[in-house]
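None of the figures in this text is laboratory data; all of them are computed from the coordinates on show. Given the structure is predicted, the values throughout are model-derived calculations rather than measurements. Methodologically, a virtual Cβ is constructed for each residue, glycine included, from the backbone with ideal geometry; neighbour enumeration extends over all protein chains shown.
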Amino acid sequence: MKSSSAKRAPDEKYRERVYKIVRRIPRGRVMTYGQIAYMLGEGYTPRTVGFVMHGADEKETPWHRVINSQGKCSTGRIVLPPDKQQRMLEREGVKFDAAGRCDLEEFLWKPKRKAVRKSAKGRTTLYAR
């Protein structure tokens, strides 16, 4: 039996896999760090997706379309000016409330999937791998 804490081999193409997903997000839509991590599969976390996004090339990858699971921008302490990500999204039509949250029901992009997955409890899953 394998230990769940066993280290997995590093994914040499991890950054590019993240960027490939992010480049598909249409203008005016967002994805969450967790949604991308889920799509990448077991062993990937929202935090690691965030680290990858921090190094994204702004000209090639629309990094600003990736937000946290609360519908908020998480770049306040990283990007100057601190509201840059929100302003970029607002220019694309994403609306934020007074608390700085966008409505994920309205703006979350869910990539087309081949088949609808059901969870173990028979519910439709929010994210597709």
Net charge near residue 49: determine it from the other residues with C-beta under 11 Å of the C-beta of residue 49, scoring Lys and Arg +1 and Asp and Glu -1.
+3
Place the peptides 56-62, 19-25, 67-73 in order of packing, highest mean first, counting for every residue the other Cβ atoms within 10 Å and averaging per peptide.
67-73, 19-25, 56-62
Work out how much length residue 23 to residue 92 would gain on full extension: take 0.36 nm times their residue separation and subtract the Cα-Cα distance, in nm to one decimal.
23.3 nm
At 0.36 nm per residue, and after removing the present C-alpha to C-alpha distance, how many nm does the segment from residue 99 to residue 51 gain when stretched out fully?
14.8 nm
